[in-house]
Amino acid sequence: MSKLTTASVAIIAMACAGGAWYWLHGSRGAGPLSEPVKSAVTAPVVNAAAVPAGSSLSETNQPHDRAVSPDASSPLHPGEVLDFEADVSKLSNVANLQLQIVERRNFFGKNAWHLQAIAHTENPLRMMFELDDQFDSYSDAVTLASLQYEMHLSERGEKQESIQRMKAGNSERAATNVTETRVAPGTRDPLGLMQYLRTVDWSKTREVRGPVYDGHKLYDVTAKYIGPAQNITVPAGVFSASQIEIRVFDNGAELKDAHFALYLASNPARTPVLLEAVMPFANARVALVKMK
């Protein structure tokens with residue numbers, strides 16, 4: 001896949017938080033987050049078969065799975081839909097992103113969230129760079145550790161499909177149309193990380209850290225509470241919010257060319273209302289437009 005434009009970086013940054021820098025460079029990057037896992041290694045052991053665009057394994061290989069009742073105490077709730085728009089430097093609304101909590105379900109015997117992100121470029125940028133990407137995550141309902149991560153990518157007419165089952169230790173073998181990826185226990189994917197940060201009680205916890213796998217590479221990510229921000233104004237309204245600084249490490253070395261600030265609303269859902277990304281060639285602002 002060729003190097004992405006600034007717009008692509010911005011929308012992927014919101015969906016993929018800790019892994020966004022990997023896209024920026026044009027490459028194809030236990031329990032709650034606690035300590036970085038230095039020995040974590042990712043190693044696909046089975047080649048994935050192609051899956052129809054827009055599908056997920058839940059539609060093709062899980063006929064017996066069923067929905068699970070949500071936890072009323074969690075800030076995450078099934079059916080939540082958050083719509084965002086991305087501004088890059090002086091260009092407004094160059095792309096849109098939708099984050100969904102599709103459902104809480106039984107995933108091969110484990111209680112899990114089905115999380116989803118859908119990204120599109122907008123005109124006039126779309127005439128030069130057409131992007132329609134979908135990401136699906138099946139993450140543990142309590143820890144948000146990744147159970148399966150799917151990427152259904154369509155960029156400039158080129159399509160790529162990836163379904164990766166996270167395997168920690170001697171877990172069961174995945175289906176033949178799924179890539180098994182070995183990770184350390186507690187590893188999250190980008191969507192799971194985004195939602196996990198909403199579950200942290202930042203009034204009691206000032207920093208969390210742990211491994212994140214972006215579909216290509218493993219990183220250590222830290223998220224630190226900076227403090228209450230001034231009221232944040234986005235198209236969806238004015239929100240009192242907390243500022244969370246996200247830092248990414250590759251083999252112990254911090255990535256100096258990409259920095260992220262996430263703002264979580266001071267409401268029971270701890271809604272993500274704004275992501276600011278500072279990159280070498282542009283600054284991006286991904287803001288909440290509406291929620292339901």
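Quick notes on this structure:
- Contour excess over end-to-end distance, with Cα ends at His120 and Ile226 and 0.36 nm allotted per residue: 35.1 nm
- Close amide-amide hydrogen proximity is noted between Glu122 and Ala95, Asn96, each under 5 Å apart and 5 or more residues distant or on a separate chain (H modeled in the peptide plane; Pro and chain starts excluded).
- For peptides 240-252, 141-153, sequence by mean Cβ density within 10 Å, most packed first: 141-153, 240-252
- Gained length - Val278 relative to Lys110, 0.36 nm times residue gap less alpha-carbon distance: 56.7 nm
- Descending by average beta-carbon neighbour count within 10 Å, the peptides 202-208, 128-134, 182-188 line up as 182-188, 128-134, 202-208, the highest first.
- Ranked list, fewest to most other Cβ atoms within 10 Å of each Cβ, for Asp214, Asp140, Asp189: Asp140, Asp214, Asp189
- Take the Cβ atoms of Asn267 and Asn93, set R0 to 22 Å, and the FRET efficiency comes out at 0.30.
- Mean separation of Cα contacts under 8 Å (6+ apart) over length of the range 144-262, as relative contact order %: 16 percent
- One Cα centroid belongs to the range 192-252, the other to the range 264-292; the line between them spans 11 Å.
- Under 18 Å of direct C-alpha separation, and excluding same-chain neighbours fewer than eight residues apart, Lys167 reaches these lysines: Lys38, Lys110, Lys217.
- Net charge, Ala277 excluded, C-beta distance under 13 Å - Lys, Arg +1, Asp, Glu -1: -2
No value in this document is a laboratory result; all are computed from the given coordinates. If you're wondering where the values come from, they're calculated on a predicted model, not measured in any experiment. Backbone-built Cβ (ideal geometry, glycine too); neighbour counts: all protein chains shown.
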